[in-house]
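Taken together, the values in this text are just the output of simple stated rules run on the coordinates, not laboratory data. Bear in mind the structure is a predicted one, so any value in this text is a computation, not a measurement. Here the Cβ positions follow ideal geometry from the backbone for every residue, glycine too, while neighbour counts run over all protein chains shown.
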Amino acid sequence: MQGAWVPLLLGLRLSLGFSPVEEEDPAFWNHQAAQALDVAKKLQPIQTAAKNLVLFLGDGMGVPTVTATRILKGQMNGKLGAETPLAMDQFPYVALSKTYNVDRQVPDSAGTATAYLCGVKANMKTIGVSAAARYNQCSTVHGNEVTSVMSRAKKAGKSVGVVTTTRVQHASPAGTYAHTVNRNWYSDTDMPAQAKKEGCQDIATQLIYNMDIDVILGGGRKYMFPEGTPDPEYPGDTNQNGIRKDQRNLVQEWQAKQQGTQYVWNRTALIQASKDPSVTHLMGLFEPADMKYESQRDHTKDPSLQEMTEAALRVLSRNPRGFYLFVEGGRIDHGHHEGIAYRALTEAVMFDNAIAKASQLTSEADTLILVTADHSHVFSFGGYTLRGSSVFGLGFDKAADGKSYTSILYGNGPGHVLVGASRPDVNETESSDPAYRQQAAVPLSSETHGGEDVAVFARGPQAHLVHGVQEQTFVAHVMAFAACVEPYATDCHLQPPGGPADAAHQAACPPSLALLVWALLPGRDPVLDARSPAAPGSSDITTMSPAGIHQAEGSLVASRPVIRNPAGRAALSRAPRPGLTSAASPVAPFLAPASSLRSPTLRWGPITVAGAPRWRGRLEATHHRPPFSKKLSQGLA
């Protein structure tokens, strides 16, 4: 966004008003309403399952913020503003969501993330745990973890991704993968010794090990690197160095988990990596902490939210089984907390641009897109301003104290400033400054969230379920049902987007069969990963996570199969052929029965999947490549 010319453009509108002549004719409004009614009458719900799921989360994007963003974006495009629809406005289904936490009437972003991502309401400042868990009490995590829709989508074989303008360890994105009783435990440095002693993990570590996330884009570099590690973008600024006291390099650990990984930290590398078909796992961390505001972004170094969304979709869409993508416009919230509306609203404009791009790159026939907010803010705009005037401008008349006031005001926050015993006057030059802090009624160092309902916009398969006034948990359940993932995997009764033919194809080639075919291809032996602990005995195949199962030149290739052990951790990954021998007994617990091993040293070879229906099977160590037979394939189906 061209930060230099936007204030100038809006400044020209501060004292100007417009009244279109055509709008004086009743026929204009009658015709417009008739067109909208015609569209509504033709609206038909898409009753198939959703192959892909995309959730856009505007952090702090209450309804007043949506409206102000509509005006701003319209005016930036040369329109009057209020009449110009946002990308999210054009979604056919809308509902309201109740945002309270279990313990707070006005919520925070951690408890709300648990609601809309996991389908369970939670307490303030806790993530991925039920309300039975207590803030800052590590001992209450175990047994109270709740599962995100993203995790369920991964288990169903879809690729998954997280995109945010905050740090990727922040409350909202962390709700997709983490379980913690303190949203601020970004790294081990941020955790008390007792919590670490009790076995709680920092959020950055959970990002790497709780789930195999295919795409991770946002800020948060310093939480991933050892203390003192110079930042690649700011090598001379020690304040931007890595901060991990355990001296772990989590990026390197992530890269070692599988092939096809690519780590980037600037815009150019992101675009190149996303276009490389050999990249199956992409991590981009573009700032030490949160990304820069859109109005302050260096366009040559840092990608926009729209560009990150496009890159994520490019990688994730290679999976023919579909994907789940979470996209957060996280700094809308930060701009409001600072009481600087320009920052919040320009963030929201870019957020809407990302929605528009995702709508262009996906099909409404197979992709469910939801847009919502976690909570609102005590942000308002009023003052009977003239039509077409800048949303950052002044109220139409002076206040009772004889001074001007801005249309935008905050109920509380750092904008509460007194000159003597009264508030300062304000003029149009001041209010058009991108750094101007709007006045607030109550002095606080940080403006607070609002407690009112927020909007939910929806398009795609099962979007018609988004209706009325719902609990925030409804968002997660609609998405899970639409994609036929747990807890609705067996009873959603929805045809896939391609209809019966597509359903037959999926039945004929389940993931277990694709995994076997992958194993039989020359030079593609799977290897068991000894780093993941498991109970003795066999491992059940509970998921295989391809970025996709690629259909390429007639060969079905599972590009990243992951077999999970009963503890839920990755137990199988693709790696170069290690030869005939490998590390010894730590792998043995994955194998069934253990006595089948001829010696304490495991000889690597392809797995066989024996006698189990479709998605489940037992892993056994073998020393020979079994023949691929029609009988075997039929048994797996």
_Fewest-first sequence of 142, 449, 493 by Cβ atoms within 10 Å of each Cβ_ = 493, 142, 449
*Can you list the residues, at least 5 places off or on another chain, whose amide H is less than 5 Å from the amide H of residue 377, using H built in the peptide plane?*
62, 450
*May I ask you to list the aspartates and glutamates whose Cα is less than 15 Å away from that of residue 98, ignoring any residue fewer than eight positions away on the same chain?*
59, 108, 374, 452, 453, 471
*Charge dipole magnitude, Cβ of K and R +1, D and E -1 - the stretch 83-143, Cα centre, debye nearest 20*: 360 debye
*Starting from the Cα of residue 197, draw a straight line to each of the lysines and keep only those under 17 Å, dropping any in the same chain fewer than 8 residues away.*
245
_Cα-projected label distance for residue 417 with residue 197, points at 7 Å along beta-carbon direction, nm_ = 4.8 nm
*asked:* How would 31, 281, 467 line up from fewest to most surrounding beta-carbon atoms within 10 angstrom?
replied: 31, 467, 281
_Quick check on my link table: of 155/196; 79/125; 73/158; 301/357; 41/158; 79/357, which ones sit more than 32 Å apart, alpha carbon to alpha carbon?_
79/125; 73/158; 41/158
*Quick one: dipole size for the stretch 392-447, taken about the Cα centre, charges +1 on Lys/Arg Cβ and -1 on Asp/Glu Cβ, in debye to the nearest 20.*
140 debye
*In nm, give the distance between the simple-model label positions of residue 33 and residue 132, each being 7 Å from the Cα along the Cα-to-Cβ direction.*
5.4 nm
_Anchor residue 154: aspartates and glutamates whose Cα lies under 18 Å away (excluding residues fewer than 8 positions away in-chain)_ = 145, 212, 214, 366, 486, 540
*asked:* For a bin width of 5 Å, list the pair-distance distribution of the stretch 392-447 built from all Cα-Cα distances, rounded to whole %.
replied: 4, 20, 28, 29, 15, 2
*residue 296 versus residue 397: modelled label distance in nm, points set 7 Å from Cα along the beta carbon direction*: 3.9 nm
*For the stretch 280-286, Karplus couplings with θ = phi - 60° (6.51, -1.76, 1.60), whole Hz, Gly/Pro x*: 9, 10, 10, 10, x, 10, 9
*Ordered by residue, what ³J(HN,Hα) values in Hz, to whole numbers, does the stretch 458-471 give under the Karplus form 6.51 cos²θ - 1.76 cosθ + 1.60, where θ = phi - 60° and Gly and Pro are x?*
9, 8, x, x, 6, 5, 5, 5, 7, 7, x, 10, 10, 5
*Stretch gain in nm, segment residue 189-residue 495, where the contour uses 0.36 nm per residue and the Cα spacing is subtracted*: 105.3 nm
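Step by step: find N for the stretch 106-235, compute 2.2 N^0.38 Å, then divide the Cα radius of gyration by it. What's the final number?
1.02
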*asked:* For a quick check: sort 264, 63, 378 by the number of other beta carbons within 10 angstrom, fewest at the front.
replied: 63, 264, 378
*What residues from the stretch 300-344 fall in the zone where the backbone N is under 11 Å from a label point 7 Å along the Cα-to-C-beta line of residue 266?*
300-302
_Per-residue ³J(HN,Hα) for the stretch 300-313, Karplus 6.51 cos²θ - 1.76 cosθ + 1.60, θ = phi - 60°, Hz, x for Gly and Pro_ = 8, 10, 10, x, 7, 4, 4, 5, 5, 4, 5, 5, 4, 5
